[in-house]
Each structure stands twice: as C-alpha cells, then as structure tokens.
Amino acid sequence: MKTELSKGYEPEQVEKKWFDVWENRGDFHADENSPKPHYSIVIPPPNVTGVLHMGHALNNTLQDILCRWKRMSGYEVLWMPGTDHAGIATQNVVEKQLAAENKDRHELGREAFIDRVWKWREESGGQIINQLKRLGASCDWERERFTMDEGLSKAVREVFVSLYDEGLIYRDNRLINWCPRCHTALSDLEVEHDDKRGNLWHLRYPVQGTDEYIIVATTRPETMLGDTAVAVHPEDERYKNLIGKSILLPLMDREIPIIADEYVDMEFGSGAVKITPAHDFNDFEIGKRHNLEFINVLDESGMINDNGGSYAGMDRNAARTKVVADLKSLDMLEKIDDYTNAVGECYRCRTTIEPYMSKQWYVAVKSLAAEAIRAVESGETRIVPQQWEKTYYEWMYNIQDWCVSRQIWWGHRIPAWFCDDCGKITVSREDVSVCKHCESTNLRQETDVLDTWFSSALWPFSTMGWPEQSKTLEKFYPTSCLVTGFDILFFWVARMMMMGTKFMKNVPFKEVYIHALVRDAHGQKMSKSKGNVIDPLTIVDEYGADAFRYTLCAFAAMGRDIKLSTERIGGYRNFVNKLWNASRFALMNLEDFVPAENSLISLPLSQADQWILNRYAVAAEEVNKALADYKFNDAASILYSFTWHEFCDWYIELSKENLYGDNAPVRKATQTVLFTVLEGLLRMLHPILPFVTEEIWHALPGERGADSIMKMTYPTTALIETDENVVADMERVMDVIRAIRNVRGELDVPPGKKIKVVLDCKSDSAVQSIQAGQAYIHSLARVEDLVVGVAVERPKQASTQVAGEVEVLIPLADLINVAEEEARLNKEIEKVQKDVSFFEKKLSNEKFVANAPPQVLDKDRAKLTAATEKREILQQSLKKILTLK
RNA sequence: AGGCACGUAGCUCAGUGGGAGAGCACUUCCCUGACACGGAAGGGGUCGGCGGUUCAAUCCCGCCCGUGCCUACCA
C-alpha cells in the first residue's frame, strides 16, 4: 500500500490503522522454533483492576523500544504480556460494588463471590491491555496470560507443595500486620509507614502496696487493656527497687508485674514502658522472653473483644477516646504531648494496621535469598543502574520470613487440608479428600489464599508453561531483561530471583533495568487525591503516541524522578512534525526517483552528500551503543539532533542547491542520498516512533509490499565509506556560512538583501574546499558576489569575521551601521581575548607543560595560536572602522 | 537512626579529570517555494559551601548546608 503525506502529521488515524495491521498480521508473534538468537522480556503484569497511568506508560514504552530495536537487530523477540489478579485490590473493587447493592461477600458465600469476581474480570477487567496497545506495545498478544490462569495456578501449587515438602513453608502463630478493613494479614512490605501527627499519652500506673505511680507513655492508649507488664531498664536507679513488684492496671483491675529488660531506653520518656505482648512487635518479643501473658483485646475488625472488659464491642478509635477520658477522671492521666510517629497503613486501603496475633503460613526465605544474592554477585543477573545492587543486597541480607497467607477469597487457595481427626495437615498438588496421615475423610481445606506476589514471583517461567518443559521455556528462558520501577524491587524482582534460581536453577533474567518514577511537573507524586494525575491517554489524544513515547524515552535517564511537563511533550510533538515535513520535502523531490540496490556506489557525491552520510554513520553507531547501555535519553538526543540539526537544518538546505540545479547526475546522486538517509533514519527512529515511521515508510518510493518497517534491519554502521577530507571541507564551508550569517544577524542586514563577500584564505587547501562548496555559500548565506582566494584583493572597508583559516570580509557598502560593526567587533575581540588569556596562562605554567600529556599540550598550543591570530585580525579591522568615524 | 540519591543557564534536566551542554522560556530579525508545531542570529551559569588529591577538578576524596526517597521495633 502506498500512502501520501498530508500537510501536517495527524496521529489519530495513523496510529489506529497501523496497530491493527501489525496485530492482525502477527508481526509481534515470537516463534519458538526460530533459528534466530532469542531476546525476551516478560511484562510487569499490570493489575486487572488497573487503568493506565504514567508509570505503566514509561515502563512499557521502554520495553517496547528495546523489543522493536532487538527485533530489527536480528533477534527472535518475545515480549510476554499479561495481567495480575491483584488479590486484595480486586477483591476490594468487587466488595465495593456489593456494598453499593447493600450486600457483602459473606451473604454471597465464597463460591458465588469468586464467580462474581471472575465475571467482573470478563466484563471490565484488564482494560489496561487495550490502553497499552494504544501506546504501540508490541507484545506477543496471542500469549497473554493471567496469574489465575489454569496453567499459572498449576505452577503456584507445584511451588507451594515443593517448598512445603522441603520444610521451607510452615505455619506459625505470631504477631502479624493485620488490616482491620481488608480482614487479612499482610506481609511487612505491604505496610506503608507514614508520619502522622498524634499524641503521646503519659499514664500513671499505681504500684501495688504503695502510693507511688510509675508513669508510662504510649501512642496507643487503648492497648493498655491488654497490658501484662511494665518494663524498666535493669540498671535504672529510679526503678531498681520496684522490679519484681507489681502494678494494679487501671480500668482493668488486673495485677501485672514490673519487669526488667534491656530493651528499655532509660533516656526516653519516663524510662518505663507498658508492655502489650499481643499488640506490639517489641512487646511481643519481651513477652516471650519473660513468659508474660498474651492478651488479645481486638477482633478481626479492630473492635475491642471480650478481653477488653467494659470496652468490649467498641471500635478501637472510640475505645481510645473512652480509655483516655476514663483515666483522666481517675486522675491517672499525667499529661498529653503532641507527638509525630510513623503509623503503619494498609497499602491497598490506607487503614491503620494493627499488630495482631494469628496463625499464618510462612515461606522460610533465608536459603532462597542466599541463592538470589549469589546470582547477582556472580553477575548472572546484572542490575542497571548498578547502584541498585546495593539496595537489593541490603534487603536480601536482612530478609525476614515471608507471610504468604491472606484471609481473603480472591486468589490461589492454599492447597492444604486440615484433618479434624488427627489434627495434621495434608498438602497436595491435587485436591484431596483423605488425610494422608490417618486416612480420615474429615478434611477441611485451608480457606486462606496466597499473597498475590507469590504468583507474580513465578511469572517469568509460569507464563512460559512451567512446570511443563515447554519449547517456549527452552527458547526464551532465562529472559534477557526485566524493565521495572524501583518501587517493586523487593515486592517482585527480589522474589522472582528467589523463585527462579530455586525452581529453574537459573536466573529469571540476565539484566534488570530499573527506571525512575513519573511525577508531575512540580515533582509531586501523582495521585487522585492531589488531583495532579495526568492521564497518558489524554496525552496520546492531544500529542500523539509517538511524541509521548519520545518524551518518555528522552526522560528515562533521570535519577529517581521524572517531572513530566506538557511543554516538553509539545516539544517532541513538534519534532515528530518536523520529521514528517522533512519527509514531505524528500518525497516531493523524489517523484522521479527509483531506488536501486547498492545505489550509492559510483555516484558523484557532493560535499553535502558525503557530510550527511558521515553524520549518519556516527548517529547509527552511537544510537546502538546508547540503547545497548540502556541510555534511552542519549538515544533520544542523538536522534533528535541528527534529525533536526543535521539532516533538516543543514542537509536539506544544502541539498536544494543540487536538487534544483541542472546537473542531472548530481541531482540523481543527491536524490539517492536524500532517499537513503531518510530511509535509514526512519529505521533508526522506529523503535521510539513506531507509528509515524511506519506511515512515512510506506510513502517512500520503491516497492514496500506488505512488509512493516519493523521487519527491516536496524542501522548500525555507515552506508558507504566517506572521504574524511570532503567531510572536513563541508564543515569548513558551514563555518563560513555561519560566520556570514553572524555578521548579517548582528548588523541587522535584512534577510532578503543579497551581499558581496570576500573570503581571504590562508592556504590553497582552504580555497579549494571553499570553492567546492561555494554554491552552498551563495544560497544559504544569501551571497550574490563571492570572491575566494589566498591574499585576494580586500575591500577597503569591511566587516570582518574569522572562520578558522578563512577571513570573511563583507564590504561596508553593504552594511547599514558602522557603530554596530564596532560593537560587534568589540564583542568578538572580548570573547577571543578571554581565550588568549586563558591559554597563555595555562601554557606559561611550567608544571603544566612538564606534566600534561603531549596531545593536550599540542591542542592547547594550537588553540592559543588560532585565538591570537583571530584577535589580531579583528583588532586591525576595528582600527580601520574607527578611522571611519 | 541507618542507607541511597540529588543540588549545573529563568524552568526541567543531561554531561565529562583537560577551554560548560540540551529542550523550553527570553531578545532581535524573517510567513525564503518541507515545516510559524517553522527559519536565522543572540543574551544568560564563580556547575550548593569549605577544604584535600592532581600539572589540571563541575567531575575523584573528606566535611558542611539544603532537598528527596528507601529501610528501621524507640514506648
């Protein structure tokens, strides 16, 4: 199909058209039987509940750039897509729907509820997948997976049972993080700490048998209902005599001991601490050390239970208020201070977490972590940027056992059965109805499900068919690269490393590229509550997917934050439009052109042709290097400046001379170069700008057939060897053009006015290079009368500019204002004088001359000479000008 | 409390052991036959502060100030 380019680029239809073509034709499909080397990436599976946000846009754009680049570089590329069932998040969504119908999940019952979640998923889940497609994501969509798929669920069971059989999964009754709203345990990672302004309540606890008080401080006064001791430091002189005595716990009238424990900090507060072993992680440890009673005063919803005496049935917050009020009326409230401390919140619903005693399933991760550490230390997996390795190690070394059970319904149900007769547990890959210990049939399956991140941890191999030994695994595992944000380094990356090394005996990915997080233009995290969320699809609508992708690519290297501003996106929209129009220019001048193989050979290539071919080769080499090093921003800027500042600003302008001239072979040569460079440039840009490049590619002359540009090869090197001298000549001519333009600009010579220019050269070689390019000087600098030579006759009065070995003289007759020329010269002289002084000083430093490498010395000496000469010329010119006044 | 970053032009940020860069914004001129989402020419920075290493430091090292983030059980 052949397309014609409209006057301005219109992304909407172009994007829709090409994505459909690509997808329907199977252009993204990865063939596991391909003989080509493999390149594979698994997508960080977005939550089924998710809608596309900036983080996804960045993450997937970078992956797509890599995949398209590798695909064009001769690899068989698999980009594995899919979504995550997102246990708690998804359950919350459906529970909210139920709430709107005045129902709750318990009314429905487990099975009906799960059916409902599945139904929700069918109808409105996973919309994010279509949103990713609008960005151009070239995933192998035929392979789309879901963490609750049959296959992935099988993998989950296999892993769970294997770990259990090995003793690496166990059950224990401990203090865990409990979300009273989600009614489930959470792992330590799922608790987010946020500094909250609150109070520190100082309570008076009466010492039994005396009229003394011990003052204890707490941020959670309601927990005093479960106090079972007061602890002081063993060396604390203030309290030494009280150790072993007891307290009559106010409100509860319970006698609790005063104990000594080194955990207590004598400096803090009163130096005495109330101990609530069932509701505080520190107190839990102390409780175990001192054999204290563990009194749980909360229920699953965060209400005070029957252990809370008269407070039973109250919400924890109401109980706090009441406890404080009651203590005050008993004169047992010493004082209330303002206090800020970190409060743990549920990462899904923001409810304050309660430490809560309960029996949960754990993964013993020490041995898994050791292997995951080793894999990075050995270099089997490389983390980029490397600074993140330290963070990774730090966490792995201090890792705690992973609480994997959740008391929700949506997720992988733990494959464990409790026997009501012998009390033992049967864990099995297949559902069981008979206890394997006593053969009783009185079995109940565990109602808990697994942490969502348990199945995510298997993603790199479960999506490829494991535990079957699939061809996909054989071809594409380990994956080549994982692209992700640092916010899920522990949640996900670390756990995939543990599970991959454990079950595949091989790392899940060779490289991990960690990118920044996207924030708003002011550096604020985007959030609905702040109202500063920029919707990626709105951006795509307004600026086009390509411009948006280019922006993300150009921003990718920034430290931890990307401050996204719409102005920048607008800038890249302009860039896309520039490319579009440059292509239009080329096409207008290629109407009579037929591309041929090896067409550059034996053509009369002009100075400009050789120059752009040389620049093309440099850009091609550099962009490959940048992408190989994950320097996306470098790749973007290399291509930006090549496209705009070299190809458009210079080559296209220079080419007009040759295209419009009457020299047919030269015109043909220029057409060939224009075509070849543009065609290669489009291939270079395609990974970042897939849509616009595909559209233009199909408008190029020659037979494009049904093939996509993404099936072409990525440029890596020169199209043809160029003559360095000719390239240097072109640069010299360009310097002269710049010098003339500088004079014109500074002296306000009207753009339309043609001028006379004398170029007094220092050498014959300079003369030759300029003569070869004098037509360019005529057209680009608007010169009508050009004199070039060594020691040529100079105009009596002229504006003078120096471009390397060439003195650029513009007769004053053509100029408007002598005073302006004087000002311009003074400015130039001042500039060059700075250079002269700088190098004189440097070169007069004996130590520098003695120690610096010869190349540096030579370079600096040459610069001093050039600067000195330029200064002399300009000063003489200034003198002449002054005589005119 | 520990760890990790960051502090470069008005703004947002790249960058390197050898004379400071980009985009946007700004100034002047131009609707020149691809493009005003454009063209040409300019202005603007003691590269956070103080020391040290070096012939040479914006870059390496130390301290300080400021700003973010992550991890952590101080009631």
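Quick one: A:LEU700 ticks every box in (1) surrounded by 19 or more Cβ atoms within 10 Å (Cβ to Cβ); (2) away from RNA strand B (no atom under 16 Å from the Cβ) bar one, so which box is it?
Only one criterion is unmet by A:LEU700, namely (2).
Might you let me know whether the stretch A:13-25 holds any residue that is part of a loop (DSSP other than H, G, I, E, B), closer than 26 Å to A:TYR75 by Cα, without any contact (Cβ under 8 Å) to a residue 60 or more places away in the chain and away from RNA strand B (no atom under 16 Å from the Cβ)?
No, the stretch A:13-25 contains no residue that is part of a loop (DSSP other than H, G, I, E, B), closer than 26 Å to A:TYR75 by Cα, without any contact (Cβ under 8 Å) to a residue 60 or more places away in the chain and away from RNA strand B (no atom under 16 Å from the Cβ).
Checking A:MET252 against (1) buried (at least 18 other Cβ atoms within 10 Å of the Cβ); (2) closer than 25 Å to A:TYR339 by Cα, which test does it fail?
So the condition that A:MET252 fails would be (2).
Can you tell me which of A:LEU884, A:LEU825, A:LEU812 is surrounded by fewer than 13 Cβ atoms within 10 Å (Cβ to Cβ), more than 11 Å from RNA strand B (Cβ to nearest atom) and either without any contact (Cβ under 8 Å) to a residue 24 or more places away in the chain or of a type in the set (A, V, I, L, M) (or both)?
Within the list A:LEU884, A:LEU825, A:LEU812, the selection yields A:LEU884.
With A:THR722, A:THR693, A:THR713 as the choices, which residue is of a type in the set (Ser, Thr, Tyr), closer than 16 Å to A:ALA617 by Cα and buried (at least 16 other Cβ atoms within 10 Å of the Cβ)?
A:THR722
Search the stretch A:155-176 for residues being assigned to a strand (DSSP E or B) and buried (at least 21 other Cβ atoms within 10 Å of the Cβ), and hand back the single one that is nearest to RNA strand B (Cβ to nearest atom).
A:LEU175
Can you tell which of A:LEU517, A:LEU564 is under 30 Å from A:MET464 (Cβ atoms) and among the aliphatic types (A, V, I, L, M)?
After applying the criteria, what remains is A:LEU517.
Looking only at residues that are in contact (Cβ under 8 Å) with a residue 40 or more places away in the chain and among the aliphatic types (A, V, I, L, M) in the stretch A:417-444, which one is surrounded by the most Cβ atoms within 10 Å (Cβ to Cβ)?
The selected residue is A:VAL427.
Being in a helix (DSSP H, G or I) and away from RNA strand B (no atom under 16 Å from the Cβ) is the filter; apply it to the stretch A:282-318 and report the residue that is surrounded by the fewest Cβ atoms within 10 Å (Cβ to Cβ).
A:ASP306
So the check is Cβ under 6 Å with 6+ separation or different chains; which pairs have a first residue in the stretch A:179-196 that's touching a residue at least 24 places away in the same chain (Cβ under 8 Å) and a second one that's within 8 Å of RNA strand B (Cβ to nearest atom) and hydrophobic (A, V, I, L, M, F, W, C)?
Every condition considered, the pairs that remain are A:LEU189/A:PHE490; A:HIS193/A:ALA342; A:ASP195/A:ALA342.
Out of all the residues in the stretch A:332-342, is one or more within 20 Å of A:ILE247 (Cβ to Cβ), more than 14 Å from RNA strand B (Cβ to nearest atom) and assigned to a strand (DSSP E or B)?
Yes, the stretch A:332-342 contains at least one residue that is within 20 Å of A:ILE247 (Cβ to Cβ), more than 14 Å from RNA strand B (Cβ to nearest atom) and assigned to a strand (DSSP E or B).
Specify the residue that is farthest from A:MET303 (Cα to Cα); the eligible residues are those in the stretch A:321-341 that are among the basic types (Lys, Arg) and touching a Phe, Trp or Tyr at 6+ places or on another chain (Cβ under 9 Å).
Looking at the filtered set, the residue picked out is A:LYS335.
Sort out which residues of the stretch A:601-627 are among the aliphatic types (A, V, I, L, M) and either within 16 Å of RNA strand B (Cβ to nearest atom) or more than 25 Å from the chain's Cα centre (by Cα) (or both), and write them in order of number.
Correct list: A:ILE601, A:LEU603, A:LEU605, A:ALA608, A:ILE612, A:LEU613, A:ALA617, A:VAL618, A:ALA619, A:VAL623, A:ALA626, A:LEU627.
Can you run down the residue pairs with Cβ atoms below 7 Å, 6 or more apart or on separate chains, where the first is in the stretch A:456-472 and more than 14 Å from A:ARG145 (Cβ to Cβ) and the partner is in a loop (DSSP other than H, G, I, E, B)?
A:LYS471/A:GLU32
Find the residue count for the stretch A:73-87, including only residues that are over 23 Å from A:GLN131 (Cα atoms) and buried (at least 22 other Cβ atoms within 10 Å of the Cβ).
Qualifying residue count for the region: 0.
From the list A:TYR630, A:TYR640, pick out the single residue that is under 24 Å from the mean Cα position of the chain (by Cα), outside any helix (DSSP H, G or I) and within 13 Å of RNA strand B (Cβ to nearest atom).
Just one listed residue meets the conditions, A:TYR630.
Restrict the check to the stretch A:673-683 and report whether at least one residue is crowded, with 18+ Cβ neighbours inside 10 Å, away from RNA strand B (no atom under 16 Å from the Cβ), among the small types (Gly, Ala, Ser) and in a helix (DSSP H, G or I).
Scanning the stretch A:673-683, I find at least one residue that is crowded, with 18+ Cβ neighbours inside 10 Å, away from RNA strand B (no atom under 16 Å from the Cβ), among the small types (Gly, Ala, Ser) and in a helix (DSSP H, G or I), so the answer is yes.
Restricted to the stretch A:380-403, and to residues that are within 22 Å of A:MET504 (Cβ to Cβ) and among the β-branched types (Val, Ile, Thr), which residue is farthest from RNA strand B (Cβ to nearest atom)?
A:THR381
Restricting the first residue to the stretch A:614-636 and requiring it to be more than 20 Å from A:ALA556 (Cα to Cα), which pairs with a second residue that is within 14 Å of RNA strand B (Cβ to nearest atom) meet a Cβ separation below 7 Å and a spacing of at least six or different chains?
A:ARG615/A:PHE642; A:ARG615/A:GLU646; A:TYR616/A:VAL677
Within the stretch A:342-374, which residues are closer than 25 Å to A:LEU298 by Cβ, of a type outside the set (Asp, Glu) and under 31 Å from the mean Cα position of the chain (by Cα)?
A:ALA342, A:VAL343, A:GLY344, A:CYS346, A:TYR347, A:ARG348, A:CYS349, A:ARG350, A:THR351, A:THR352, A:ILE353
Among residues belonging to the stretch A:731-789 that are in contact with a helix residue (DSSP H, G or I) (Cβ under 6 Å, 6 or more places away or on another chain) and in a loop (DSSP other than H, G, I, E, B), point out the one that is surrounded by the fewest Cβ atoms within 10 Å (Cβ to Cβ).
A:LEU747
Computed from the coordinates by the stated procedures, all read-outs in this text should not be read as laboratory data. The structure displayed is predicted, hence computed values, not measured ones. Because the Cβ atoms are built from the backbone with ideal geometry, glycine has one as well, and the counts that use them run over all protein chains shown.
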